[in-house]
1. Does region 5-59 hold any residues that are among the hydrophobic types (A, V, I, L, M, F, W, C), in a strand (DSSP E or B) and modelled with pLDDT under 85, and which are they?
2. Among the residues of region 32-57, which ones are surrounded by 12 or more Cβ atoms within 10 Å (Cβ to Cβ) and more than 18 Å from Ile71 (Cα to Cα)?
3. For Ala53, which of the numbered conditions (1) closer than 14 Å to Leu74 by Cα; (2) touching a strand residue (DSSP E or B) at 6+ places or on another chain (Cβ under 6 Å) fails to hold?
4. Is there a residue in region 60-72 that is of a type in the set (Gly, Ala, Ser), at pLDDT 80 or above and either out of contact with any Gly (no Cβ under 7 Å at 6 or more places or on another chain) or part of a loop (DSSP other than H, G, I, E, B) (or both)?
5. Of all residues in region 13-25, which are closer than 14 Å to Val72 by Cα and without any contact (Cβ under 8 Å) to a residue 40 or more places away in the chain?
6. So Lys29 fits all but one of (1) of a type in the set (Lys, Arg); (2) over 14 Å from Val73 (Cα atoms); (3) surrounded by 15 or more Cβ atoms within 10 Å (Cβ to Cβ); (4) touching an Asp or Glu at 6+ places or on another chain (Cβ under 6 Å); what number is the exception?
7. Would you confirm, using the coordinates I've provided, whether Val73 is touching a strand residue (DSSP E or B) at 6+ places or on another chain (Cβ under 8 Å), of a type in the set (A, V, I, L, M) and surrounded by fewer than 11 Cβ atoms within 10 Å (Cβ to Cβ)?
8. Which residue pairs have Cβ atoms closer than 7 Å, lie 6 or more positions apart in sequence or on different chains, and pair a first residue in region 28-41 that is under 17 Å from Ala6 (Cα atoms) and in contact (Cβ under 8 Å) with a residue 60 or more places away in the chain with a second residue that is of a type outside the set (Phe, Trp, Tyr) and not in a loop (DSSP other than H, G, I, E, B)?
Amino acid sequence: MACHPAGEHIVVAGKERETNSLRVEIYNKDGEFKRTIQLDDVKLNWNEGITAAMQGHIAVAVGNVVGTGRIVVL
């Protein structure tokens, strides 16, 4: 989970259970759901971390079972 202070949003990253695809959800400061971003081509077993930049970019570090990882920037 990461907070975007300028936009007052909360960003949560995880995996979709059925597909192991990267799923990012954005909520406002009151916890109201705003949108979902799902990347079906990014398969993961865990996320290592997430950050939200002041410009609105979201970066998620993801890993898989074979030990490879990457950074996904949205």
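The values are calculated or read from the model by the stated rules, or taken from the named source; none is laboratory data. Model, not experiment: these values are computed from the prediction. We place every Cβ from the backbone using ideal geometry, glycine too, and count neighbours over all the protein chains shown.
1. So in region 5-59, the residues among the hydrophobic types (A, V, I, L, M, F, W, C) come out as 6, 10-13, 22, 24, 26, 33, 37, 39, 42, 44, 46, 50, 52-54, 58-59.
Next, from what is left, pick out any that are in a strand (DSSP E or B): 10-13, 22, 24, 26, 33, 37, 39, 42, 46, 50, 52, 58-59.
Val42, Trp46, listed by residue number.
2. Lys34 - this is the single residue of region 32-57 that is surrounded by 12 or more Cβ atoms within 10 Å (Cβ to Cβ) and more than 18 Å from Ile71 (Cα to Cα).
3. Only one criterion in (1) closer than 14 Å to Leu74 by Cα; (2) touching a strand residue (DSSP E or B) at 6+ places or on another chain (Cβ under 6 Å) is unmet by Ala53, namely (2).
4. no
5. First pass over region 13-25, keeping only residues closer than 14 Å to Val72 by Cα: 13-15, 21-24.
Those that are closer than 14 Å to Val72 by Cα and without any contact (Cβ under 8 Å) to a residue 40 or more places away in the chain: Gly14, Lys15, Ser21, Arg23.
6. With respect to (1) of a type in the set (Lys, Arg); (2) over 14 Å from Val73 (Cα atoms); (3) surrounded by 15 or more Cβ atoms within 10 Å (Cβ to Cβ); (4) touching an Asp or Glu at 6+ places or on another chain (Cβ under 6 Å), Lys29 is out only on (3).
7. Numbers: touching a strand residue (DSSP E or B) at 6+ places or on another chain (Cβ under 8 Å): yes; of a type in the set (A, V, I, L, M): yes; surrounded by fewer than 11 Cβ atoms within 10 Å (Cβ to Cβ): yes.
When the stated conditions are applied, Val73 passes them.
8. From region 28-41, no pairs qualify.
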